[in-house]
Amino acid sequence: MFKAYIGIDVSKDWVDIHLNTKVHKVLQSDAKRFIKTHKAEFQGSLCIMESTGGHEIHLARLLVDQGIAVHIAHPNQVVSFMKAKSRLAKTDAIDARFLSQFGAFLTLDQIRAPLSEKQYHLQHLGARLTQLKALLHEELCRQNHPNMTDPF
């Protein structure tokens, strides 16, 4: 399937990359340089990272643009995997190691590639539309009921 599985633990400022049995701590701003420097090790590999509320998107796109396969794992799956392996301690380095082990258990149909920039933008527009519809519903309901805060 893949020649190697690279676990990447993403945080706001740092990225911990488990590459060839070693964990590299890299600044988010230096990730592009690190990937270009180690491109040979990344080629033919699957990079696994947890969904972290948006911090992973830039790095995932960067890897995909370099032709590297990426899987963004659901955090609950990774936590369950770690519990099954009896590993409850959590540090960034441990997470990166376990993400690479988690990748080895994935089948091809389970691999979730990151959204393209257009898909990501459309997803956010859809979410905003849902919020606006809920707000409109709230305002229409308020319009049809007397204001309970008015003095008698």
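Kindly state which strands (runs of 3 or more DSSP E) lie completely within the range 5-53 and contain at least 2 residues that are surrounded by 15 or more Cβ atoms within 10 Å (Cβ to Cβ) and without any contact (Cβ under 8 Å) to a residue 24 or more places away in the chain. Answer list for the range 5-53: 22-27. Taken together, Leu62, Leu106 contain a single residue that is part of a loop (DSSP other than H, G, I, E, B), under 26 Å from Ala40 (Cβ atoms) and either out of contact with any Pro (no Cβ under 6 Å at 6 or more places or on another chain) or assigned by TED's automatic domain parsing to the domain that holds Ala31 (or both), which is Leu106.
The test for being in contact (Cβ under 8 Å) with a residue 24 or more places away in the chain, in contact with a His (Cβ under 8 Å, 6 or more places away or on another chain) and surrounded by 11 or more Cβ atoms within 10 Å (Cβ to Cβ) does not hold for Ala60.
Go through (1) outside any helix (DSSP H, G or I); (2) not assigned by TED's automatic domain parsing to the domain that holds Lys12 and name the single condition Gly67 misses. Condition (2) is where Gly67 drops out. Would you check if there is a residue in the range 42-64 being farther than 16 Å from Gly7 by Cβ and among the hydroxyl-bearing types (Ser, Thr, Tyr)? Taking every residue of the range 42-64 in turn, none turns out to be farther than 16 Å from Gly7 by Cβ and among the hydroxyl-bearing types (Ser, Thr, Tyr).
The values are calculated or read from the model by the stated rules, or taken from the named source; none is laboratory data. This structure is a prediction, so every number in the text was calculated from the model and none was measured. When we count neighbours, we look across all protein chains shown, and the Cβ atoms used for this are built from the backbone with ideal geometry, even at glycine.
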